[in-house]
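> Here it is, the structure, as structure tokens.
Since every read-out is calculated from the coordinates, none of them should be taken as a lab result. For clarity, every value in this text was computed on a predicted model and none was experimentally measured.
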Amino acid sequence: MPDIKQQRTIIMDFVKILFLMYFVTFILLLLLAFVLFKMETSEIVCKVWLIAVYIISGLLGGFLIGKRTKNKKFLWGFFMGVVYFAILFIVSVILHRGITGDGMHMFTTFVLCTASATAGGMVS
């Protein structure tokens, strides 16, 4: 059974990895903004890019937390994806002053975030 110090270390690593996931998301979205500014791209390119951002961030977070925990990697990866999605969802609700869009889009985003983070944890 892990001691208190080891549990705190895992929690701190979890938070650090979560921040890294959002930093990667920020950089990739900044790159998307630059591409949109310099070129005329279609809406489908933006949608594909956003999907890629969710997948890349999820894989990175799941992989890193899996390397850190060394056991139940897929479960830690799944949890990482859930927390990543939850923060995205909460920020979106706050910025839009309510839930916008359809439920299928939210469900798809949830599946992308959790599945990619789970896969990252399993690969680590």
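> Can you tell me, using C-alpha contacts under 8 Å and at least 6 residues apart, the relative contact order of the chain as a whole percent?
Working: 153 pairs, mean separation 41.3, N = 124.
33 percent.
> Checking the cross-link filter: which lysines have an alpha carbon closer than 27 Å to that of residue 67, excluding same-chain neighbours under 8 positions apart?
5, 16
> Same structure again: Quick one: what do you get for the chain if you divide its Cα Rg by 2.2 N^0.38 Å? Spell out each step's value before the answer.
Values: Rg = 15.8 Å, N = 124, 2.2 N^0.38 = 13.7 Å.
Scaled against compact globular proteins, the figure is 1.15.
> Determine ³J(HN,Hα), in whole Hz, for all residues of region 75-83 in sequence, where each value follows from phi through the Karplus function 6.51 cos²θ - 1.76 cosθ + 1.60 and θ = phi - 60°; x replaces Gly and Pro.
5, 5, x, 4, 4, 4, x, 5, 5
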